Amino acid sequence: MKTVSNRIAQIYLEQVFSANVDERQLLQRTGVNMQELSVANGRLDAQRHFRFFELYTSIFPEVQFDSEPDLSFLFSNFNVLGAVCGNAPTLLEALKAYVRYRALIGECDDIEFVIQDHYLKIVYHSESDNPLITKLVVLNHFYVFYAIVREYVDDNSANLGLRLNFPISIEEKRNLSEIFYCSVESGIQNSYYIHRQCLHLPHKSSNSALQPYLLQQAEEQLQQLRPALTYSAQVEKILQKLIWTELDIDCHAESMQTLVCEQLRISRWTLARRLNQENINFSVIYTKVRCAEASRLLAEPQFSLLYISQGLGFTNQSSFNRFFREQFGCTPSHYRQHHVAE
């Protein structure tokens, strides 16, 4: 069951109270009680979380940003996440840390990184089909990303643009453009574009000795949220993250296995032994993940075969075609035509 930190509802409930709306009646309609919200480090299930924000956005349909973008929101409400994102060696590492540990805030979304020659595109997918909720969560997440960017880049040169896939007025676009210092347009995905040359700029005050300790704390908090996974399931999840959030990595199985071991903080021998106890090996898991991602992306016509092939780490289109035919018995093009036709 996916959950969201109760701190999010607390924050927005304060705005409800300040507008003289009966917050207890609102909570009653969502099935949330005040006691649940007062529990330290408490969580709400996704269904009631979305129900709360469906009512909230019906009262406050406009998204408001009350302060300059900085990491104070994270430090005030999710201290470990704020510390990890504010102490990374580079902007890229900070962004990756936020994506990895954002479940400490909530698990009802998905984020992927797409790297191109001149920019990084951060694509945000909300699990809500309510356009007002989508608008709220997308813009607030992009604002957190912007706060992280501002921590690492002194000026506003990093932001290249926002593309938003929900109804938005010309005036709202103008206001967002002034806040983010970049163009804001409608698009097929909710995307935030960052200049690639800013990603590897060093953080002037990063404490390299402290960061491993902060990462360990974040990892421990993350594990407390979720039931213990089998090792094969953990490896599968890490591979999915690596494929779409790591940039410029070697996606060959040997290299990916090394990266997975680094994430799990174990040796290759230990990983092989534990997977063997579950009667599986790394190669089988990696193939499974690649197949799942390939079939998912082929169902989306906006992704070219070249983009999918490169994203999954194949050196050329022929290698991807050969792999896909071995696994599915047909070419990627044939699979796409058949899937879309269905």
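Taken together, the values in this text are just the output of simple stated rules run on the coordinates, not laboratory data. Everything numeric here is computed off the predicted structure, so don't read it as measured data. Reconstructed Cβ throughout: ideal geometry from the backbone, glycine too, with neighbour counts over all protein chains shown.
Once you keep just the Cα pairs under 8 angstrom separated by 6 or more residues, what percentage relative contact order results for the range 102-224? Provide the component values of the computation, followed by the final result.
Details: 141 pairs, mean separation 34.9, N = 123.
Computed value for the range 102-224: 28 percent relative contact order.
Which residue, chosen from L242, S205, F180, occupies the Cα position most advanced towards the positive end of the dipole of the range 139-269, where the dipole is computed from +1 (Lys, Arg) and -1 (Asp, Glu) charges on Cβ about the Cα centre?
L242
Quick one: dipole size for the chain, taken about the Cα centre, charges +1 on Lys/Arg Cβ and -1 on Asp/Glu Cβ, in debye to the nearest 20.
Approximately 940 debye in magnitude.
Give me the one-decimal Kirkwood hydrodynamic radius in Å for the chain, with the sum taken over alpha-carbon pairs.
Every distinct Cα pair counted, the radius reaches 21.9 Å.
Indicate the gyration tensor shape class of the range 278-342 (rounded, prolate or oblate), computed on the Cα atoms with a ≥ b ≥ c the square roots of the eigenvalues: a/c under 1.5 is rounded; otherwise a/b larger than b/c is prolate and the rest oblate.
Prolate is the answer for the range 278-342, as a/c is 1.5 or above and a/b outweighs b/c.
Could you give the nm distance between label points at Q310 and E172, where each point is 7 Å from its Cα heading toward the beta carbon?
The two pseudo-label positions are separated by 3.3 nm.
With both bridge residues required to lie in the range 129-217, what share of the DSSP beta bridges run antiparallel, to the nearest 5%?
DSSP beta bridges in the range 129-217 are roughly 50 percent antiparallel.
Of Q25, A9, L44, whose Cα points farthest to the positive end of the dipole of the range 1-60 (charges on the beta-carbon: +1 Lys, Arg; -1 Asp, Glu; origin at the Cα centre)?
L44
By the scheme Lys and Arg +1, Asp and Glu -1, what is the net charge of all other residues having a beta-carbon under 13 Å from that of S319?
Residues close to S319 contribute a combined charge of +2.
Taking a ≥ b ≥ c as the square roots of the eigenvalues of the Cα gyration tensor of the range 123-219, is the shape rounded (a/c under 1.5), prolate (a/b larger than b/c) or oblate?
Here the range 123-219 falls in the oblate category.
Could you rank the peptides 24-37, 42-55 by their average count of other C-beta atoms within 10 Å per residue, with the highest value first?
Answer by packing, highest mean first, reads 42-55, 24-37.
Report relative contact order for the chain in percent, whole number only (criteria: Cα-Cα under 8 Å, sequence separation at least 6).
So the answer I get is 15 percent.
Students often check this: by mean Cβ neighbours within 10 Å, which of 180-186, 5-11 ranks highest, and how do the rest follow?
Put in order of decreasing packing, that is 5-11, 180-186.
Explain nothing, just the number: dipole magnitude of the range 246-339 about its Cα centre with +1 on each Lys and Arg Cβ and -1 on each Asp and Glu Cβ, in debye rounded to the nearest 20.
Numbers: 10 positive and 9 negative charges, 62 e Å.
Dipole about the Cα centre, nearest 20: 300 debye.
For the range 299-306, in order, what is each residue's ³J(HN,Hα) by Karplus, 6.51 cos²θ - 1.76 cosθ + 1.60 with θ = phi - 60°, in whole Hz (x at glycine and Pro)?
Running phi through 6.51 cos²θ - 1.76 cosθ + 1.60 with θ = phi - 60° gives 6, 10, x, 6, 9, 6, 4, 5 Hz.
Compute the acute angle (0 to 90°) between the alpha-carbon long axis of helix 282-298 and the principal axis of greatest extent of the alpha-carbon atoms of the chain; round to the nearest 10°.
Result, in degrees: 60.
Full extension from K204 to R322: what is 0.36 nm times the residue separation minus their Cα-Cα distance, to one decimal in nm?
In short, 37.8 nm is gained.
Cα axis of helix 46-59 to longest principal axis of the chain: angle in degrees, 0 to 90, nearest 10?
40
Could you order the peptides 161-173, 143-155 from most to least packed, using the average number of other C-beta atoms within 10 Å per residue?
Packing proxy ranking, top to bottom: 143-155, 161-173.
Shape call for the range 80-123 from the C-alpha gyration tensor, a ≥ b ≥ c root eigenvalues: rounded (a/c under 1.5), prolate (a/b greater than b/c) or oblate?
Verdict is oblate for the range 80-123.
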